[in-house]
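Structure first, commentary second.
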Amino acid sequence: MNDPVVLVVDDSPTVRKIVQLTLQREHMRVITASDGLSALAAVADEEPDLILLDIMLPRMDGYNICRIIRDKMEFRHIPVIMLSGKDGLFDKVRGRLAGSSEYLTKPFDSVELVQSVKKHLANAPVRERRRDSERNISRLRRRG
Amino acid sequence: MQQHGRILDGDLETLGLQATLKMLALSGKTGTLIVTSGQETLSLYLQKGQIAALQEQSSSSADLIEMIRLLGRMDRQVAARFRSMADQPSAVLLDAFVQYRIISEAEMLQRLEFRIIQALSRALRWQQGHFEFHRNVLSCEIPLALNVDHVLLESLRQADEWDEALETGLNRTTVARWMPEFDGDVRRLGLEKDQINVLCLANGQLTVQAIAYGLLISEAHVALAMAHLLELGLIEVVDEALEAELERNLIRVLTTSQHELSKQPQGGADQRLLVLIKALATCTNGLLNHHGQYARELRGRGAMHPRQIARYLEESFGPLLGQVQARWPIFETVAFTQGQLDCQEILALNTLVKGEQLQDFYWDVVDGLYWLMKQICTTIVRDEIGNSRSGRQFLDLWRTFLHEIDEEIARNQGRGGPGNAAQRPGGGPGGSRDDPFRESNPRMRQAESDPRVAQVRERRRM
């Protein structure tokens, strides 16, 4: 059960299903959330290896979710790929400022999506080490 | 495998598998013989010079459950219960079958022996490769005690048979599936029992190798039966590369249509309905465009002129558009242009009519496009993918997309649209089973002799 876990956050069931079908074929475990708050709950519960995040979401938008994830020491290592229908430069910059690792625009190509996801997951060993060292740092801080 | 456990090793070019096995049998050895050739590996466990077990591939158990079900030896519910054992070695599964009296103990032993013969008949043809014999003991749930000479003879016979079957052009990994178009009476074709069984198991997922194991007949026999069924047009060979490409293209159509659907318009109900119409039109034209590339009739004909493709699409789907036009007269403003539905007149309706009348027209367009889109999807999935795994996966995705459209329609109706959800054609892509037009729909009846359409046409002329 070492398959990477990808969280897909999108209010469209079609998009969730398409991404799920595409990534499962690449031997990834896909979990889904349809709104901002359930996304944060899923991040806390499952600690996914990567998050695919829509911007326009009910209850909390993608920028805010990304910001919250980046503010949390234990989750900030998780790559966040924004997957949005907004393709303006302003939106992309806003996504970057919120801490996203990459910005993909809808309608997306499934091959391009897989490539991006794999690219970010390929950093997993580095990320694992970073996660361990961050945990160690926070443990030391707590002791100190 | 650890170095210290190795007793013997060598190349197949120097010492063939047959000779190696006979030598190990004669000296009454116990241990595991591992033979590798390219990507393929065979592991046989010998106990005192007799073959006791074969290390198996993990997928065979799932295939076996499905084959037993397809052959009518257990029903769907029982098969579903056994599927939790799909990742178990097939010996464990066979043992469970015996316990539940699905197969006899004799058949279980026959199946275990058959797998070994099948694997060996394949390995005996390897010209190059490497073998190692280790002291390590393989875990085996049901140890056999098969005579090496007997197994070798049977394996060689199957290997020879396969050489004769090579002219069929099929191989052990060939997968075939039922042709959806066949509507004749299979009983009148004079098929033999094995051919009927192969036909039953040609579900688009099982390989020649798996079917041979399921029916306990040689792979060559399966390949010959399959070749006969192909000739009769009862089955077709599944082209995985083509299906992957085709599925990717269909997914692209849905991604684009969903993107269109998710656009949030500035303005009132008319604008929101227009977004829905654009999404439906995008999807319908996307499906038509897709079918122009992958229709079965157009495959293998080399590069075709776009005009030929357009003619094919218009001939295939023109009658459907005719039905829609008969039911929703607003569609008389829609025509096929280069194999695509030209909806420009509909998209510009707001320049001619306003208010309630515009919304009524828009709802008719939604109803008509929704029905047409579903019919086109049903036709192309049946034609291109049929009842294959990718076909079923796409249909699952398609239902999700339809559900999202249904929700969008319901939201629009809630915002003051005229109809109610029950008046629309609904359901999955198997729409042909439904009454396509819902005679009870008052809006549709009204549309049949709709003077407003004439009015729009008149204004357009002016």
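Separation of the alpha carbons by more than 25 angstrom is noted, of A:Lys72/A:Lys106; B:Lys263/B:Lys374; A:Lys72/B:Lys263; A:Lys118/B:Lys278; A:Lys86/B:Lys374, for A:Lys72/A:Lys106; A:Lys72/B:Lys263; A:Lys118/B:Lys278; A:Lys86/B:Lys374.
Over all residues in B:391-403, what is the mean tally of Cβ atoms on other chains that come within 10 Å of each residue's Cβ? Working shown, then result.
On the way: counts 0, 0, 4, 1, 0, 2, 6, 2, 3, 9, 6, 1, 3.
Rounded to a whole number, the mean comes out at 3.
Given Cα pairs under 8 Å that are at least 6 residues apart, what percent is the relative contact order of segment A:21-95?
Numbers: 68 pairs, mean separation 22.1, N = 75.
With pairs under 8 Å counted, the relative contact order is 29 percent.
Write out the trypsin sites (Lys or Arg not before Pro) in segment A:24-110 meeting two conditions: DSSP loop, and at most 14 other Cβ atoms within 10 Å of their Cβ. In loop regions of segment A:24-110 (DSSP not H, G, I, E or B), the sparsely surrounded trypsin sites (Lys or Arg not before Pro) are A:Arg25, A:Arg59, A:Lys72, A:Arg76. State the percentage of accessible surface on the protein assembly as shown attributable to carbon and sulfur atoms; use a 1.4 Å probe and exclude ligands, DNA and RNA. That fraction is 48 percent. Accessible surface buried by the A/B pair amounts to about 1500 Å², both sides summed, 1.4 Å probe.
Can you give the local net charge around B:Leu246? Use residues other than it whose beta-carbon is closer than 12 angstrom to its beta-carbon, Lys and Arg +1, Asp and Glu -1.
Working: positive: B:Arg248, B:Arg252, B:Arg296, B:Arg299; negative: B:Asp239, B:Glu240, B:Glu243, B:Glu245, B:Glu247, B:Asp383, B:Glu384.
Net charge around B:Leu246: -3.
For segment B:174-260, applying the loop criterion from DSSP together with a ceiling of 15 other beta carbons within 10 Å to the chymotrypsin sites (Phe, Trp or Tyr not before Pro) yields B:Phe182. Taking a virtual spin label 7 Å from the Cα of B:Ile7 along the C-beta vector, which residues in segment B:112-144 bring their backbone nitrogen under 16 Å of it? Answer for segment B:112-144: B:131-139.
Each Lys and Arg adds +1 at its Cβ and each Asp and Glu adds -1 at its Cβ; summed about the Cα centre, the protein assembly as shown shows a dipole of about 2180 debye.
Among the chymotrypsin sites (Phe, Trp or Tyr not before Pro) in segment B:25-128, those placed in a DSSP loop whose Cβ has at most 13 other Cβ atoms within 10 Å are B:Tyr100.
Less than 5 angstrom separates the built amide H of A:Ile31 from those of A:Val6, A:Leu7, A:Val8, all sequence-distant by 5 or more or on a different chain.
Net charge in the neighbourhood of B:Thr20 (other residues with Cβ under 13 Å of its Cβ; Lys, Arg +1, Asp, Glu -1) is -2.
Going from the isolated chain to the complete set of protein chains, segment B:216-264 loses at least 30 Å² of heavy-atom accessible area (1.4 Å probe) at B:Glu247, B:Arg248, B:Ile251, B:Thr255, B:Gln258, B:His259.
The values are calculated or read from the model by the stated rules, or taken from the named source; none is laboratory data. Keep in mind that what you see is a predicted model, and the values were worked out from it rather than measured. Glycine also receives a Cβ, built like all others from the backbone with ideal geometry; neighbour counts cover every protein chain displayed. Quick note on the areas: whole protein, heavy atoms, side chains included, nothing else; ligands and nucleic acids left out. Shrake-Rupley method; radii C 1.70, N 1.55, O 1.52, S 1.80 Å.
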